[in-house]
1. Test each condition in (1) hydrophobic (A, V, I, L, M, F, W, C); (2) buried (at least 21 other Cβ atoms within 10 Å of the Cβ); (3) under 24 Å from GLY108 (Cα atoms) for ILE262 and report the one that comes out false.
2. Given the criteria of a type in the set (Gly, Ala, Ser), within 30 Å of THR50 (Cα to Cα) and under 18 Å from the mean Cα position of the chain (by Cα), does GLY170 qualify?
3. Pick from PRO209, PRO165, PRO177, PRO184: which is under 23 Å from the mean Cα position of the chain (by Cα) and modelled with pLDDT of 95 or more?
4. Take the residues of region 213-228 that are in a helix (DSSP H, G or I) and of a type outside the set (A, V, I, L, M): which is farthest from CYS253 (Cα to Cα)?
5. Confirm whether LYS256 is touching a residue at least 40 places away in the same chain (Cβ under 8 Å), closer than 13 Å to SER206 by Cα, out of contact with any helix residue (DSSP H, G or I) (no Cβ under 8 Å at 6 or more places or on another chain) and not in a loop (DSSP other than H, G, I, E, B).
6. With the condition kept exactly as written, say whether any residue in region 235-247 is in a helix (DSSP H, G or I) and out of contact with any His (no Cβ under 8 Å at 6 or more places or on another chain).
7. Quick one: in region 195-250, of everything that is out of contact with any Lys or Arg (no Cβ under 9 Å at 6 or more places or on another chain), more than 25 Å from ASP173 (Cβ to Cβ) and of a type in the set (Gly, Ala, Ser), which residue is surrounded by the most Cβ atoms within 10 Å (Cβ to Cβ)?
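The values are calculated or read from the model by the stated rules, or taken from the named source; none is laboratory data. Everything numeric here is computed off the predicted structure, so don't read it as measured data. Glycine gets a Cβ as well: all are built from the backbone with ideal geometry, and neighbour counts include every protein chain shown.
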Amino acid sequence: MASRNQTVFVAGHRGMVGSAIVRRLTALGHKNIVVADRAELDLLNQAATTRFFAQQKIDEVYIAAAKVGGIHANNSYPAEFIYENLMVEANVIHAAHSTDVQKILFLGSSCIYPKHASQPMKESALLTGMLEPTNEPYAIAKIAGIKLCESYNRQYGRDYRSVMPTNLYGPHDNYHPENSHVIPALLRRFHEAVLRNDDEVVIWGSGKPMREFLHVDDMAAACVHIMALDKALYDQHTEPMLSHINVGTGIDCTIKELAQTIAKVTGFKGTLSFDSSKPDGTPRKLMDVTRLASLGWVASIGLEDGLRSAYQWFLQNQNSYRT
């Protein structure tokens, strides 16, 4: 493991994943964690980013900074999603290289895989088919980030690694009533149904699609674990041009099963109904985590326990989401 006195920069520390990485590093006793919000550092500005790296004398970087959003946002602002994500990752990775930072962990997304990838999705599925059209610009940017890391490794002997998480949830998630993902959306909907004494909650779709969910604290633990691996071990389990690692539980559930668990966690006693006139989306999205397991890490937070902790965080912070 890297020295706890090394200077570690976590880009995107205010986001769900970045904040979890900071919590994990702090818990492990790391003393020199560098963070900067947008007012202090605009990662879209190449000169400012390079200057920041030169001033901070950084040893390691976690790139959790990204422009993210749901289907509506990706569909409405494709130019911003590809431009901003390309610029942030290019500026950070090149600034790290130009100031002789040897280790980076780049965080991608499971949307890098083809829309019709075989399940569970192996790392080798990358670039084997067409992407999901609604988030193709975002996915292209994330693929470019992987290839940036690989290219600096191949040409300059850097140790720039990439991880691809499955669907994440947990503290600092987005609970906006319209723009949130499925877990925060359902937690909020069931919570409000309990407050109103509703006898029914209607869920979009048939409830049959299967999804995999990983608590963000598990994601952070996996990130730190992968960053700390000996380079020879990492290289043994990856390839120079296929170097990314899936991060997930390797277990999925139906949306119906998810809703039933959230009803239990929030104390909702009524009926669950499914509106099959609404779209289901992809039938299944499951990550193959064989490579991750071979590197000595498996998820430890079960879905019900994770949902309980996520719900407690929401209850403590729900004033931030009242609209």
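1. It fails just one condition, (3).
2. Taking the combined requirement at face value, the residue does not satisfy it.
3. Being under 23 Å from the mean Cα position of the chain (by Cα) and modelled with pLDDT of 95 or more holds for just one of PRO209, PRO165, PRO177, PRO184, which is PRO165.
4. In this case the residue turns out to be HIS225.
5. Here the answer is yes, as LYS256 does meet what is asked.
6. yes
7. Only one residue tops the list, namely ALA228.
So that you can scan it fast, the table gives a plain yes or no per residue for (1) charged (D, E, K, R); (2) in contact with a Leu (Cβ under 8 Å, 6 or more places away or on another chain):
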site	(1), (2)
LEU41	no, no
GLN46	no, no
THR49	no, yes
PHE52	no, yes
ASP59	yes, no
ILE63	no, yes
ALA73	no, no
ALA79	no, no
GLU84	yes, yes
